[in-house]
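Asks: I'd like to ask some things about the structure below.
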Amino acid sequence: MDVGYHSYETESTHTAGKVITCKAAVAWGPGQPLVIEDVQVAPPQKMEVRVKILFTSICHTDLSSWKGENEAQRAYPRILGHEAAGIVESVGEGVEDMKIGDHVIPFFQGECGTCICCRSQKTNLCQKFGVNPLKSVMVNDGKTRFSTMDGNPIFHFLNTSTFSQYTVLDSACVVKIDTKAPLEKMSLLSCGVSTGVGAAWNVANLQPGSSVAIFGLGAVGLAVAEGARVRGASKIIGVDINPSKFFKGKAVGITEFINPKDLDVPVHEKIGAITVGGVDYSFECVGNLEVLREAFLSTHTGWGLTVLLGIHPSPMLLPLHPMELFNGRQIVGSIFGGFKGKTQLPKLAEQCMCGTLNLDEFITHELPFHNINEAFQLLIEGKSLRCLLHL
């Protein structure tokens, strides 16, 4: 690590302030294979940071955007990717909390630190740099920092665009971490693990001895389970139609498994029977309204809390009648697990380093960057949680 760090720092002195030509995986249309090609990456402007990406992975949000499931969010050509880790290559004017050579994590839910939301302890939203899937340019000038070799713009994605050897981010969307932290694992904190663990810790504030049901055992759902395990949950029920997820679930603390395909009653009835009335907390990690309703009904009347994590592309509204809320059940949404990226991610990284959280179970595959389309296919087929790409 030391050799790579020092050699990179020397390289930065030659590239700072200059346009960098590097490889990136460019999306040219919905569902089209990503094209590994040379792109140009402009220097960072005021309060921006240019980062050399060393590791990146693919999340279902990348998959949904690659498919172009929401037409309003389409913008091509585009560099997707939002889960990564890397090293600062250069910083723009005004950036004081990072310098060349720092190890960093990018994150899509920015934290400017000055807006009314950032100053509130009640939310991790940011008025200026909050996640916006419609945004495809930088805040400073409404332009991109990526371009094709003939000078045409390539659009940004979720404040991050990590499917590139170099990327430019607003400084509000990247944070310095301990140089001793293994970057290949820290990339998971950019999205999946933070989203799941934070939902259990920050949003639900899960209490020791609680019962939990998790609907959808992808990386986010399993991260919820890991967070619940650390918090001392007594019963963690995993719900998924893919039985291969159950073995992985045991490693992160899931105590019971339910495959809806094996039942002749609704899932919430089964959960009610094995928990004497329902769980204390349920987490919907699928993005399906029918699943959301089952998750809601699986919680105990009087105090049950459902946390919504899945991305719902459907224009349909919540499958609840207002009167159902009078039974004491609650439902709340969660973005990035309630974490404030700049102020809280470094501490989370430290907790991972000291073994509080186990990240080893989440990286199921590793591939070179040029095999990114193969990594997408692994996720589509449900064979991977996170495929780590080495840039």
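Asks: List the residue ranges in the chain for DSSP H helices whose C-alpha atoms run 15 angstrom or more along the long axis and whose Kyte-Doolittle average is -1.0 or above.
Replies: Within the chain the helices that satisfy the rule are 219-230, 341-353.
Asks: Trp28 versus Asn152, label points 7 Å from Cα toward the beta carbon: distance in nm?
Replies: 0.9
Asks: Moving on to the next point. With viscosity set to 1.567 mPa s and temperature to 4 °C, compute the Stokes-Einstein D of segment 73-194, Rh being the Kirkwood radius across alpha carbon pairs; µm²/s, no decimals.
Replies: D = 86 µm²/s.
Asks: Also: Set the Förster radius R0 to 22 Å, insert the Cβ-Cβ distance between Ser244 and Ile274 as r into 1/(1 + (r/R0)^6), and round the FRET efficiency to 0.05.
Replies: 0.50
Asks: So, counting K/R as plus one and D/E as minus one, what does the shell of residues with Cβ under 13 Å around Leu222 add up to?
Replies: Spelling it out: positives minus negatives among the neighbours equals +1.
Asks: OK, next. Please compute the per residue accessible area over segment 196-335 with all protein chains in place, 1.4 Å probe, rounded to a whole number of Å².
Replies: Per-residue value: 44 Å².
Asks: Tell me, what are the semi-axes, in whole angstrom and largest first, of the equivalent ellipsoid of segment 146-216 as set by the roots of 5 times the Cα gyration tensor eigenvalues?
Replies: Over the Cα atoms of segment 146-216, the semi-axes work out to 34, 16, 11 Å.
Asks: I've got another one for you. How much net charge surrounds His312 when only the other residues with a Cβ under 14 Å from the Cβ of His312 are counted, with Lys and Arg +1 and Asp and Glu -1?
Replies: -2
Asks: So, one more: List the lysines whose Cα lies under 23 Å from the Cα of Lys143, skipping any in the same chain that are fewer than 8 positions away.
Replies: Lys18, Lys23, Lys46, Lys52, Lys128, Lys135
Asks: Using a ≥ b ≥ c from the Cα gyration tensor of segment 198-303 (square roots of the eigenvalues), is it rounded, prolate or oblate, where a/c under 1.5 gives rounded and otherwise the larger of a/b and b/c decides, a/b for prolate?
Replies: rounded
Asks: Could you check how much of the accessible area of segment 1-131 is carbon and sulfur, as a whole percent, using a 1.4 Å probe?
Replies: The C+S portion of the solvent-accessible surface of segment 1-131 is 53 percent.
Asks: Follow-up. Roughly how compact is the chain, stated as its Cα Rg over 2.2 N^0.38 Å to two decimals?
Replies: 0.98
Asks: Also, quick follow-up: If you build the Cα gyration tensor of segment 264-311 and take the root of 5 times each eigenvalue, what three semi-axes come out, in whole angstrom, biggest first?
Replies: Over the Cα atoms of segment 264-311, the semi-axes work out to 17, 13, 7 Å.
Asks: Please find the FRET efficiency linking Leu317 to Asn132, where r is the Cβ-Cβ separation and R0 is fixed at 30 Å, and quote it to the nearest 0.05.
Replies: The computed FRET efficiency comes out at 0.90.
Asks: Please identify the GluC sites (Glu not before Pro) of segment 297-391 that satisfy two criteria: DSSP loop assignment and at most 12 other Cβ atoms within 10 Å. Which are they?
Replies: Glu381
Asks: Summing Lys, Arg as +1 and Asp, Glu as -1, what charge do residues with Cβ under 12 Å from the Cβ of Ile254 carry, Ile254 excluded?
Replies: Around Ile254, the charge tally is +1.
Asks: Between Asn140 and Asn327, what FRET efficiency follows from the Cβ-Cβ distance if R0 is 51 Å, with the result rounded to 0.05?
Replies: 0.55
Asks: Just to be sure I understand: of the beta bridges DSSP finds with both ends in the chain, what percent are antiparallel, rounded to 5?
Replies: 55
Asks: For segment 196-335, give the percent of accessible area contributed by carbon and sulfur heavy atoms, probe 1.4 Å, rounded to a whole number.
Replies: Answer for segment 196-335: carbon and sulfur cover 59 percent of the accessible area.
Asks: Counting only C-alpha contacts under 8 Å and six or more residues apart, can you give the relative contact order of segment 196-335 as a whole percent?
Replies: It rounds to 22 percent for segment 196-335.
Asks: Compute the relative contact order of the chain as a whole-number percentage, counting only Cα pairs closer than 8 Å that sit 6 or more residues apart in sequence.
Replies: Relative contact order comes out at 16 percent.
Asks: If the limit is 30 Å between Cα atoms, which of Lys261/Lys340; Lys67/Lys248; Lys250/Lys270 go over it?
Replies: Lys261/Lys340, as the Cα separations exceed 30 Å there.
The values are calculated or read from the model by the stated rules, or taken from the named source; none is laboratory data. None of these values were measured; they are calculated from a predicted model. Every residue, glycine as well, gets a Cβ built from its backbone with ideal geometry; the counts of neighbours run over all protein chains shown. Keep in mind that these areas ignore ligands, DNA and RNA; they rest on the heavy atoms of the full protein, side chains included. Shrake-Rupley method; radii C 1.70, N 1.55, O 1.52, S 1.80 Å.
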